[in-house]
Amino acid sequence: MIIEETRNNRDVYRPAPGTLARASAGGGKNINISFEFFPPKTEKMGEKLWSAIQKLESLNPDFVSVTYGAGGSTRERTHQTVARIARETNLSAAAHLTCVGSDKAEIDEIARAYWQAGVRHIVALRGDPVGGLGAPYVPHENGYAYGSDLVAGLKDVADFEISVSAYPELHPESLNWDDELDNLKRKIDAGATRAITQFFFSADTFLRYQDKALDAGIKIPIIPGLMLQPNYRGLCRISKLCYISIPDWYHNLFDPLDDDPQTRLLLTASTAADLAAQLRAQGVEHFHFYTLNKADLAFTTCQILGVKAQTNPQQKIIAS
Ligand SMILES: Cc1cc2nc3c(=O)[nH]c(=O)nc-3n(C[C@H](O)[C@H](O)[C@H](O)COP(=O)(O)OP(=O)(O)OC[C@H]3O[C@@H](n4cnc5c(N)ncnc54)[C@H](O)[C@@H]3O)c2cc1C
């Protein structure tokens with residue numbers, strides 16, 4: 001094991017060579033997976049997304065979710081995409097919904113439309129400030145102010161299954177860990193039954209967070225969110241804005257590869273699978289992949305992890 005310093009000056013577990021093989025071999029338990037997509041902007045992107053969804057359906061995910069653009073900018077497109085998944089596939093579809101940019105009546109109407117379309121699972125979020133990441137957050141005058149308010153409002157509309165966010169490295173606006181975990185508890189008290197984390201790069205980051213949540217009495221499943229972003233420079237930018245630490249070994253791996261997108265793609269699958277395998281070795285059984293609509297990347301990552309495609313995706317076979 002190699003210990004290195006992070007932004008937060010904490011020790012971090014760094015994978016030793018061969019970790020992946022050991023973690024995979026030590027499996028045998030079920031792996032549950034879920035995938036996140038964003039709603040397509042154009043018809044061409046729509047076709048790409050649809051073939052991605054069909055390819056990933058063969059992996060029999062627990063659910064797939066579709067994001068909601070900042071400030072509600074993809075309201076219709078998110079609805080169309082989620083409703084189509086619910087209508088035309090065997091997948092369990094979840095819609096992301098945020099508080100930003102709409103009053104309570106509008107949000108309730110969106111939620112009712114989802115219920116009518118057969119969508120029963122909402123990923124309920126506050127959303128980023130109207131001015132973008134890092135700008136001060138001002139709740140909508142007549143809106144739901146925070147994630148916990150939205151969860152409570154959705155539960156008043158219908159008995160949705162509700163997932164919420166969690167932050168293994170603190171939400172940038174949280175004052176401290178008590179503040180962070182109190183917020184998650186408020187969302188659970190309001191009716192959330194699952195948390196999906198912000199992405200992170202070290203198994204240790206997630207495992208420490210999981211321990212803190214357990215110590216705080218949080219018992220709902222906390223699903224690690226694993227990012228599949230081969231655009232290293234873009235990933236560095238967003239990670240900085242979200243206060244997510246990228247380990248030195250990751251920088252060393254990707255920094256020289258600006259002109260080699262193919263290698264970055266392969267390494268993205270390999271590092272994400274390695275991270276999942278380390279977590280799996282520690283008993284984590286569900287992984288949520290931020291796919292960025294890149295089906296091949298998500299599919300490859302799952303193959304490395306041992307999740308096999310099914311011709312009849314009602315059953316899942318896990319290589320161990
Ligand atoms: C799994 C996942 C999926 C996401 N999907 C989307 C998406 O589809 N669309 C999108 O726009 N964004 C999405 N985001 C980003 C998210 O909207 C941002 O991270 C946003 O800044 C916070 O949303 P939240 O639901 O985590 O906020 P909250 O849980 O409401 O918390 C945000 C901050 O406010 C603080 N807070 C909470 N309640 C109060 C209160 N009563 N008074 C004062 N402070 C309070 C919290 O402590 C925390 O620091 C996603 C994030 C994750 C982790």
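Readers should treat all values here as calculations from the given coordinates under stated rules, not as data from a laboratory. All figures in this text were calculated on a predicted structure; none of them were measured in a lab. Methodologically, a virtual Cβ is constructed for each residue, glycine included, from the backbone with ideal geometry; neighbour enumeration extends over all protein chains shown.
Some observations on this one:
- Residue pairs exceeding 29 angstrom between C-alpha atoms, taken from K104/K240; K155/K308; K41/K212; K240/K294; K55/K212; K48/K185: K104/K240; K155/K308; K41/K212; K55/K212; K48/K185.
- Length gained when the stretch K219-R112 is fully extended (0.36 nm per residue, less Cα-Cα span): 35.7 nm
- Computed 3J(HN,Hα) for region 261-274, one whole-Hz value per residue from the Karplus formula 6.51 cos²θ - 1.76 cosθ + 1.60 where θ = phi - 60°, is x, 5, 5, 4, 4, 5, 5, 5, 5, 5, 5, 5, 5, 5, glycine and proline marked x.
- Neighbourhood net charge (12 Å Cβ-Cβ; Lys/Arg +1, Asp/Glu -1) for R75: -2
- Per principal axis, descending, Cα span of the chain in whole Å: 54, 47, 40
- The distance between label points at D156 and N252 comes to 5.4 nm (points 7 Å beyond Cα on the Cα→Cβ vector).
- Value of relative contact order over the chain, rounded to a whole percent, pairs C-alpha under 8 Å and six or more apart: 23 percent
- Calculated FRET efficiency for the pair T311/V138, C-beta based, R₀ 56 Å, to 0.05: 0.65
- If the segment from E88 to E43 were pulled out straight at 0.36 nm per residue, it would be longer than the present Cα-Cα gap by 14.4 nm.
- Taking N as its residue count, the alpha carbon Rg of region 211-259 over 2.2 N^0.38 Å: 1.54
- Given their separation in residues at 0.36 nm each and the Cα-Cα distance between them, D260 and K240 gain 4.9 nm when the chain is fully extended.
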